[in-house]
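For reference, the structure is listed below as structure tokens.
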Amino acid sequence: MGLITLYFYNADCIIKYDLSFNSYMKNTFSDNTQIQVVSTFSELVNTNFQANMNAICWYRNLLGDFKEIMAKLQLKENITEVSIEDILTLQLSEKGNLAREIILRDIQLLTDFGASPSLNLLKSYERDEELDFISTDVYSYHIDRSPIETDTFLCTYHGSASDILPHDQVEQKILIPEIREKLKKLHDGPETEFETFLEDNFFDLHYQSKPDTKPVNLGSGHLWRLAVDHPTQQALPCVHRAPTEKDGEYRLLLIC
């Protein structure tokens, strides 16, 4: 185990980032053409997506006790947003305090970059069970879309992490014939308005994995930047899904 000190520069200040790491940590993503692995926050936010490369990973093996933080937070509803004040008031061990410092510094880095990070204690997301042939919840493979240029950032500090898949291993659900026919019956309107119907109900954002695919799990501790579908995007948006939570286990997730 060692200690690395990183410095991040912006127009207003220099942020000193002391980060405990495992000297023998193994990068498991370097051979994946969908993923670009970087070693600093600056590289994370300044590397450009291109073609099939639509996920950038600041690879880290964090050694703080994030489970302790999660255990001391109060779950108020299935998705509980945790404030900085909530984190600061916790009485923690040395390893728990290290985890807290890492979380706070991640929040500061993203905030200084111009993002709006949210730390969530998660039991589960809301399920979409309205239709039996297509789902539009986050447990379904999907892409994110925005009318303005933006990216999705996320880091799972504890609990199950999300999966991603490249576009050649998925199929857009609205293009699967049996699903498309059922959606046309559901629409029951002019053909010229069908595509708008699909977009308005977010059906076009969802994908089905092909047989024998091998999802990449994003793991714990790494800070990810995923490509979003927006008007100036030069790469394919990243297809991802939330994990199915394990019984009795919560997730501690930073996302924006």
Problem set entry | Sole exception among (1) part of a loop (DSSP other than H, G, I, E, B); (2) over 14 Å from the mean Cα position of the chain (by Cα) for Val138, by number | (2)
For this session: State the number of residues belonging to region 126-143 that are open to solvent by 40 Å² or more (accessible area, probe 1.4 Å), under 12 Å from Ala242 (Cβ atoms) and in contact (Cβ under 8 Å) with a residue 60 or more places away in the chain.
Result: 1
For this session: Read through the list (1) under 14 Å from the mean Cα position of the chain (by Cα); (2) closer than 21 Å to Asp212 by Cα, then give the number of the only condition that Pro177 fails.
Result: (1)
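Taking the options Phe197, Phe153, name whichever one is surrounded by 14 or more Cβ atoms within 10 Å (Cβ to Cβ), of a type outside the set (A, V, I, L, M) and over 30 Å from Phe29 (Cβ atoms).
Answer to the check: Phe197.
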For this session: Test each condition in (1) out of contact with any Pro (no Cβ under 6 Å at 6 or more places or on another chain); (2) part of a strand (DSSP E or B) for Ile179 and report the one that comes out false.
Result: (2)
Exercise. Within the bounds of region 96-115, is there any residue that is modelled with pLDDT of 95 or more, surrounded by 15 or more Cβ atoms within 10 Å (Cβ to Cβ) and aromatic (Phe, Trp, Tyr)?
Worked result: yes
Problem set entry | Residue count for region 141-157, restricted to those that are assigned to a strand (DSSP E or B) and at pLDDT below 95 | 0
Exercise. Are there any pairs, at least 6 apart or on different chains, whose C-beta atoms fall under 7 Å, with the first in region 177-206 and under 17 Å from Asp132 (Cβ atoms) and the second among the small types (Gly, Ala, Ser) and surrounded by 12 or more Cβ atoms within 10 Å (Cβ to Cβ), and if so, which?
Worked result: His206/Ser140
For this session: Residues being free of Cβ contacts under 8 Å to residues at least 60 places away in the same chain and surrounded by 12 or more Cβ atoms within 10 Å (Cβ to Cβ): count how many of those fall in region 156-176.
Result: 6
Exercise. Modelled with pLDDT of 95 or more, in contact with a strand residue (DSSP E or B) (Cβ under 6 Å, 6 or more places away or on another chain) and acidic (Asp, Glu): does that describe Glu81?
Worked result: yes
Problem set entry | Residues of region 200-243 that turn out to be in contact with a helix residue (DSSP H, G or I) (Cβ under 6 Å, 6 or more places away or on another chain), basic (Lys, Arg) and surrounded by fewer than 22 Cβ atoms within 10 Å (Cβ to Cβ), as a count | 1
Problem set entry | Those helices (runs of 4 or more DSSP H) lying entirely in region 61-123 with at least 3 residues among the basic types (Lys, Arg) and out of contact with any Lys or Arg (no Cβ under 8 Å at 6 or more places or on another chain) | 94-113
Exercise. When only residues in region 244-255 that are at pLDDT 95 or above and surrounded by fewer than 22 Cβ atoms within 10 Å (Cβ to Cβ) count, which is farthest from the chain's Cα centre (by Cα)?
Worked result: Leu254
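The values are calculated or read from the model by the stated rules, or taken from the named source; none is laboratory data. Being a predicted model, the structure only gives us computed values, none of them experimental. Using ideal geometry, Cβ is built from the backbone for each residue, glycine included, and neighbour counts are taken over all protein chains shown. We work out accessible area using only protein heavy atoms, side chains counted, and drop any ligands, DNA or RNA first. Shrake-Rupley method; radii C 1.70, N 1.55, O 1.52, S 1.80 Å.
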